[in-house]
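The values are calculated or read from the model by the stated rules, or taken from the named source; none is laboratory data. For clarity, every value in this text was computed on a predicted model and none was experimentally measured. Reconstructed Cβ throughout: ideal geometry from the backbone, glycine too, with neighbour counts over all protein chains shown. Side chains included, ligands, DNA and RNA excluded: accessible areas come from the protein's heavy atoms. Shrake-Rupley method; radii C 1.70, N 1.55, O 1.52, S 1.80 Å.
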Amino acid sequence: MTKKTGDEKRKLGKMLKRNRRMPVLATIRTHRRLQFNMFSRDWRHRKIKKVS
């Protein structure tokens, strides 16, 4: 494992939060206008782009 800087850790945390599944209640309340999370990402296939 490599050592991560504070910026890298912050970016990873942000991406993890964006990757969460859509709450069922949100789908119901918006009458299914919101159906899925557009930021969802499969860690095996879509990698986080490293911006330096």
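Could you check the stretch 41-52 and list, in sequence order, the residues that are in contact with a helix residue (DSSP H, G or I) (Cβ under 9 Å, 6 or more places away or on another chain) and either farther than 18 Å from K11 by Cα or open to solvent by 100 Å² or more (accessible area, probe 1.4 Å) (or both)?
K50, V51
When the residues of the stretch 6-30 are filtered to those that are part of a helix (DSSP H, G or I) and of a type in the set (A, V, I, L, M), the one that is nearest to K50 (Cα to Cα) is L12. Restricting the first residue to the stretch 31-52 and requiring it to be modelled with pLDDT of 85 or more, which pairs with a second residue that is in a loop (DSSP other than H, G, I, E, B) and open to solvent by less than 100 Å² (accessible area, probe 1.4 Å) meet a Cβ separation below 6 Å and a spacing of at least six or different chains? The qualifying pairs are F36/M22; N37/M22; S40/N19; R41/N19.
The C-beta contact set for the stretch 1-15 (first residue without any contact (Cβ under 8 Å) to a residue 12 or more places away in the chain, second residue part of a helix (DSSP H, G or I), distance under 8 angstrom, 6+ apart or interchain) comprises K4/L12.
Could you identify the single residue in M38, M15 that is open to solvent by 100 Å² or more (accessible area, probe 1.4 Å) and of a type in the set (A, V, I, L, M)?
Values: M15 fails: open to solvent by 100 Å² or more (accessible area, probe 1.4 Å).
After applying the criteria, what remains is M38.
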